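The values are calculated or read from the model by the stated rules, or taken from the named source; none is laboratory data. In this text the structure is predicted, and so the values were computed from the model without any measurement. Note: ideal-geometry Cβ built from the backbone for every residue, glycine included; neighbour counts use all protein chains shown. The protein model used for the area step is the full one, side chains on, heavy atoms only, and it has no ligands, DNA or RNA in it. Shrake-Rupley method; radii C 1.70, N 1.55, O 1.52, S 1.80 Å.
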Amino acid sequence: ILGKDLLERLEQEFFTIADKNLESIKTAILNTFQNTVDNVNYSFAAGAFVNNILYLFALGKAKAFIKRDGNFGKVLDSTSYSPKEIISSSGFLKEQDLIVLATDAFSQIITQDELNLSLNDSLPTEITESLAPKIHKAEDGRISAIIIKYGNPKRSEVAAKTLEKE
């Protein structure tokens with residue numbers, strides 16, 4: 001229930017932001033987590049896509065990875081920070097970038113080398129299928145990750161027709 005409440009508060013904070021940028025989104029996350037329970041350990045990672053910029057945030061023990069053009073790296077790691085401190089980063093995305101947001105429990109089960117190798121598959125569904133057996137074997141509900149493949153936003157057909165008429 002605590003997690004659901006946090007996500008609902010984050011949604012309310014996020015969608016009221018007029019100008020979404022690194023600082024405004026970070027403030028929304030800070031507002032969301034400011035009145036949380038002290039004896040709960042968080043492993044929170046979030047990303048926001050604004051145009052072709054990815055804004056990343058982590059709280060507690062979470063990590064974010066990216067694979068671009070065959071190169072793999074960790075782009076955010078909050079494990080060495082205070083459990084209540086939100087860290088952030090941002091950068092431009094390229095077509096076909098693979099982004100992974102992961103909890104600490106995920107990183108304890110899936111090594112960076114295993115994750116890197118699994119990201120050689122082209123689709124997030126194939127990647128998750130290759131990781132699933134090891135994750136299910138661990139039987140730990142704290143294991144969580146999201147895998148996203150970035151593609152430049154396509155102009156909608158309606159927008160294209162509107163432009164043609166003008």
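Within region 68-93, can you find the residues that are loosely packed, with under 13 Cβ neighbours inside 10 Å and over 15 Å from the mean Cα position of the chain (by Cα)?
Passing the criteria: D69, G70, N71, S80, S82, E85.
Which members of region 1-11 meet the condition of being of a type in the set (A, V, I, L, M) and open to solvent by 40 Å² or more (accessible area, probe 1.4 Å)?
Scanning region 1-11 gives I1, L2, L7.
Any residue at all in region 104-124 that is within 23 Å of A28 (Cβ to Cβ), open to solvent by less than 50 Å² (accessible area, probe 1.4 Å), modelled with pLDDT under 95 and not in a loop (DSSP other than H, G, I, E, B)? Outline the logic, then answer.
In the first step, residues of region 104-124 are kept if they are within 23 Å of A28 (Cβ to Cβ); the result is 104.
Still in the running and open to solvent by less than 50 Å² (accessible area, probe 1.4 Å): 104.
Then keep just the ones that are modelled with pLDDT under 95; that gives 104.
If we keep only those that are not in a loop (DSSP other than H, G, I, E, B) as well, we get 104.
Checked region 104-124: at least one residue is within 23 Å of A28 (Cβ to Cβ), open to solvent by less than 50 Å² (accessible area, probe 1.4 Å), modelled with pLDDT under 95 and not in a loop (DSSP other than H, G, I, E, B).
For region 17-62, give me each residue that is under 26 Å from N152 (Cβ atoms), of a type in the set (S, T, Y) and either open to solvent by 50 Å² or more (accessible area, probe 1.4 Å) or in a helix (DSSP H, G or I) (or both).
The one that is under 26 Å from N152 (Cβ atoms), of a type in the set (S, T, Y) and either open to solvent by 50 Å² or more (accessible area, probe 1.4 Å) or in a helix (DSSP H, G or I) (or both): S24.
Checking the condition aromatic (F, W, Y) and either assigned to a helix (DSSP H, G or I) or surrounded by fewer than 12 Cβ atoms within 10 Å (Cβ to Cβ) (or both), which residue from F14, F65 passes?
Sole residue among the options that is aromatic (F, W, Y) and either assigned to a helix (DSSP H, G or I) or surrounded by fewer than 12 Cβ atoms within 10 Å (Cβ to Cβ) (or both): F14.
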